[in-house]
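Student: One structure coming up, written as structure tokens, with questions to follow.
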């Protein structure tokens, strides 16, 4: 039971933290959706390293830290399929929405909130 | 929600039935409310690993495939220890012995098989058992602690595994066999004899051609009596003389059975609501007792339970391995032969090696191997593919790995390796890691092992070893590659089928192909998209449009990605010839852009390494200025044409090899290929350009030019096959064009010329390129036509013509 309540506490904390960041409205306009090739990605360079901004066939846009948890491969250079990307170095596959690595490989990379307004892509550099 | 779901009931909580559920959950996780009845009081365990449990190498927990949590997690109701005794087919209800009932919309029978108990007096005495489930193993383990003498009736696969296990538990074991050869259904008399000798050395005793007439004893067994009147003492008798499909329930409720429950190619019984899989099934007259076919059945059955309805089971060819540590044997197909077959036999008693390949009309019918089974999987593949082996007949016996296999320390017998020895040199995977993954994670196929351990997933040179480990860990139930392998997980079609569809139906884009062939994923994956992109471009030059997003990054960026995310730049040096202006330009680029490493490549060119992506365009522009173009060192395309100086300088040179190399490169550059493609021209048979390990090699001789094809110096060294000899440079170029085009049109994507030629045979290549002048000309013409569209320097297009600009700049820089 202790374990459960502990888990709940963490969850509440996360929500608060996220809301706090949301309220800061740190949305950065990074470009137009057409600037990113369909089933492709572009890089946003930041002081903390690159972020890959991916566009799916359905025109959804996702952002992941541009470094595979395996050997640091640039995910933005991989092949995008469905809501996933395959790392160009050793073919690890990651979920674009969560940054989770597809089994049987294990790992996770930071994902960032993205929103699209009037064809413009906004990125929030506070990781999910 | 739940009211709308259909109800699926599975009778039989074993490997085949549960595998069908797993396959179903993969494709339709929410279609059914699933209920499972199992007579045994356990979850689903790996029955084929009972032998290691008996031998004390594993515990029951080690061999569980699906623990009870798995059923909970998947919302499946599990009734374990409850045997179904009746089915009301009209009322669609099953009844268990304890009164539990369950209704169904679809019913899956997977009742497995029962051990065959020979009908002799005394077969019901205490301590007379079979070797079928965990309970049998428990009885055997208990007996081994109390008693001394064990008799195993049956010298087949299962009997020998039981005998070996009991011996390791300290019992004195005698194997009684009716036939004069052990495992006669899997081995010929030679191999059976070698096996018997080796098992005798380990301490097993054998009574061959012995027919049991009675089991002796009052309540507890005391001995076994034979037809010739002799008797031997026994405290434990294990009957392992075979299995028979368990059809009692199906028969009782009137479902048509013969030897097993009769099913069609969709695994449906005569009652359309009732499906059956596994050892209880009879399909096209055959019942199977090995896991590989059962899993194939499970997959087909799941496809129909999910109402997808296109998959068919067409029977299986099986191969066998014995799970006795340290004994390597393999057999497949018809390994005895008859008067219409020819045998190739190799026997070396001192080394304990015996191999026999049975051939009919230049096709392998079967093979049996003892002691050295490294090539078993290869022979099995050739058997299943019905490959014409006439081109490789002279070295078939020596196996696929007879030449220069690298990457695993020269090992070719997994049985002789210790657990700490490295199997996969690319990914650093040891034998013990692989065995642990197979047993702990319940892996059954090479692809499973690749996914979980990474062994054999990079260069693939250790594939044979991994297959051996898989086979020896899983014994007879190892599942070899399926007959026709799907291109990737997004489709059930093979490369050949996809290629034919694209060619014949004029599919000119990836999207069209995916629609036409009903691709299972919305936009494919990193494996199929590059393949489809290649195929549409290769078959419809000028009409199909290239899709950069379906290309691997190297081909999209026209540079080779390195481990740190930087790129390498290799300009083309025609025939390996350069000059001071070019060298000066390279030196200037290296200085100007602070290129960290400049290296001479193996293909007579210069590689600039450590280039940042945003530097690519300006570097290309500078290189273009002195006339350099892309060397395609990053592509599935023509790489280099290596030459020697030939008759222009060399005192041994017979022809102008340098000029010929430059001409070949000028004709061939820019074309996309199934895989990378290397050429070379040597000026004399001293072969300084190493033409006989290239995809297409020319060796000049005084009277003309020898053309060699299908060489490879990579993972597996393969010397070329001699294609033919021609007299003029013009002929060299026409034959080269034709060969390249044949490869481009017929090889599978990512198949190099060496494995392609081994697959289709050199005769096939000769027929199209050498023997038939018209075919050669058509191939060459098609190649030249397709070259019109691709011989544009991709570097210039990007550096100065504005193509694909987004590839080379960041979207934004946030400081």
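The values are calculated or read from the model by the stated rules, or taken from the named source; none is laboratory data. Remember, predicted model here, so these are calculated numbers, not experimental data. Glycine also receives a Cβ, built like all others from the backbone with ideal geometry; neighbour counts cover every protein chain displayed.
Student: Suppose we filter B:432, B:425 for residues that are surrounded by fewer than 17 Cβ atoms within 10 Å (Cβ to Cβ), at pLDDT 85 or above and farther than 25 Å from residue B:299 by Cβ; which single one remains?
Tutor: Working: B:425 fails: at pLDDT 85 or above.
Selected residue: B:432, the only one of B:432, B:425 that is surrounded by fewer than 17 Cβ atoms within 10 Å (Cβ to Cβ), at pLDDT 85 or above and farther than 25 Å from residue B:299 by Cβ.
Student: What do you reckon, is residue B:507 farther than 20 Å from residue B:27 by Cβ and within 14 Å of chain A (Cβ to nearest Cβ)? Full working, then the answer.
Tutor: Values: farther than 20 Å from residue B:27 by Cβ: yes; within 14 Å of chain A (Cβ to nearest Cβ): no.
No, not satisfied.
Student: Taking residue B:542, is it within 14 Å of another protein chain (Cβ to nearest Cβ) and not in a helix (DSSP H, G or I)?
Tutor: Values: within 14 Å of another protein chain (Cβ to nearest Cβ): no; not in a helix (DSSP H, G or I): yes.
When the stated conditions are applied, residue B:542 does not pass them.
Student: In the range B:569-580, how many residues are part of a strand (DSSP E or B) and either within 14 Å of chain A (Cβ to nearest Cβ) or free of Cβ contacts under 8 Å to residues at least 40 places away in the same chain (or both)?
Tutor: Initially, the range B:569-580 is screened for residues part of a strand (DSSP E or B), giving B:569, B:571.
If we keep only those that are either within 14 Å of chain A (Cβ to nearest Cβ) or free of Cβ contacts under 8 Å to residues at least 40 places away in the same chain (or both) too, we end up with none.
The qualifying residues number 0.
Student: Quick check on my filter: what residues within the range B:172-187 are surrounded by 21 or more Cβ atoms within 10 Å (Cβ to Cβ) and modelled with pLDDT of 95 or more?
Tutor: B:173, B:175, B:176, B:177
Student: Another question, then. Given the residues B:583, B:623, B:616, which is the only one that is outside any loop (DSSP other than H, G, I, E, B), over 30 Å from residue A:70 (Cα atoms) and touching a residue at least 60 places away in the same chain (Cβ under 8 Å)?
Tutor: Just one listed residue meets the conditions, B:623.
Student: Is it the case that some residue within the range B:398-420 is in contact with a strand residue (DSSP E or B) (Cβ under 6 Å, 6 or more places away or on another chain), over 25 Å from residue B:354 (Cβ atoms), in a strand (DSSP E or B) and at pLDDT 80 or above?
Tutor: No, the conditions are met nowhere in the range B:398-420.
Student: Can you tell which of B:547, B:588, B:564 is under 20 Å from residue B:620 (Cα atoms) and surrounded by fewer than 22 Cβ atoms within 10 Å (Cβ to Cβ)?
Tutor: Values: B:547 fails: under 20 Å from residue B:620 (Cα atoms); B:564 fails: under 20 Å from residue B:620 (Cα atoms).
The unique qualifying residue is B:588.
Student: Still on this structure: Just give me the residues in the range B:758-815 being away from chain A (no Cβ under 14 Å), without any contact (Cβ under 8 Å) to a residue 24 or more places away in the chain and in a helix (DSSP H, G or I), in sequence order.
Tutor: Start the filter on the range B:758-815 by keeping residues that are away from chain A (no Cβ under 14 Å), which leaves B:758-802.
Then keep just the ones that are without any contact (Cβ under 8 Å) to a residue 24 or more places away in the chain; that gives B:760, B:764, B:767, B:771-774, B:778, B:781, B:797, B:801-802.
Matches in the range B:758-815: B:760, B:764, B:767, B:771, B:773, B:774, B:778, B:781, B:797.
Student: I would also like to ask the following. Condition first: over 30 Å from residue B:437 (Cβ atoms), surrounded by fewer than 24 Cβ atoms within 10 Å (Cβ to Cβ) and touching a helix residue (DSSP H, G or I) at 6+ places or on another chain (Cβ under 8 Å). Can you find one or more residues in the range B:1-23 that meet it? Break it down into steps so the answer makes sense when it comes.
Tutor: Within the range B:1-23, the subset over 30 Å from residue B:437 (Cβ atoms) is B:1-9, B:11.
Those still in the list that are surrounded by fewer than 24 Cβ atoms within 10 Å (Cβ to Cβ) too: B:1-8.
Cutting the leftovers down to touching a helix residue (DSSP H, G or I) at 6+ places or on another chain (Cβ under 8 Å) gives us B:8.
Checked against the condition, which is being over 30 Å from residue B:437 (Cβ atoms), surrounded by fewer than 24 Cβ atoms within 10 Å (Cβ to Cβ) and touching a helix residue (DSSP H, G or I) at 6+ places or on another chain (Cβ under 8 Å), the range B:1-23 yields at least one hit.
Student: Quickly run through the range B:586-612 and pick out the residues that are assigned to a helix (DSSP H, G or I), in contact with a strand residue (DSSP E or B) (Cβ under 6 Å, 6 or more places away or on another chain) and over 24 Å from residue B:679 (Cβ atoms).
Tutor: So in the range B:586-612, the residues assigned to a helix (DSSP H, G or I) come out as B:586-592.
Those still in the list that are in contact with a strand residue (DSSP E or B) (Cβ under 6 Å, 6 or more places away or on another chain) too: B:586, B:590.
Residue satisfying the conditions is B:590 alone.
Student: Let me ask another. State all residues of the range A:74-90 that are within 9 Å of another protein chain (Cβ to nearest Cβ), closer than 25 Å to residue A:58 by Cβ and surrounded by fewer than 24 Cβ atoms within 10 Å (Cβ to Cβ); if no residue qualifies, say none.
Tutor: A:74, A:82, A:84, A:86, A:88
Student: Would you check if residue B:566 is away from chain A (no Cβ under 11 Å) and either touching a strand residue (DSSP E or B) at 6+ places or on another chain (Cβ under 8 Å) or farther than 23 Å from residue B:752 by Cα (or both)? It would help to see each step written out before you state the result.
Tutor: Working: away from chain A (no Cβ under 11 Å): no; either touching a strand residue (DSSP E or B) at 6+ places or on another chain (Cβ under 8 Å) or farther than 23 Å from residue B:752 by Cα (or both): yes.
Criteria not met by residue B:566.
Student: Filter the range A:39-52 down to the residues that are within 7 Å of another protein chain (Cβ to nearest Cβ) and without any contact (Cβ under 8 Å) to a residue 24 or more places away in the chain, then identify the one that is surrounded by the most Cβ atoms within 10 Å (Cβ to Cβ).
Tutor: Step one: of the range A:39-52, the residues within 7 Å of another protein chain (Cβ to nearest Cβ) are A:39-40, A:42-47.
Next cut, without any contact (Cβ under 8 Å) to a residue 24 or more places away in the chain only: A:45, A:47.
Details: A:45: 15, A:47: 8.
This residue is A:45.
Student: So, in the range B:626-638, of the ones that are in contact with a strand residue (DSSP E or B) (Cβ under 8 Å, 6 or more places away or on another chain) and part of a loop (DSSP other than H, G, I, E, B), which residue ends up nearest to residue B:673 (Cα to Cα)?
Tutor: B:636
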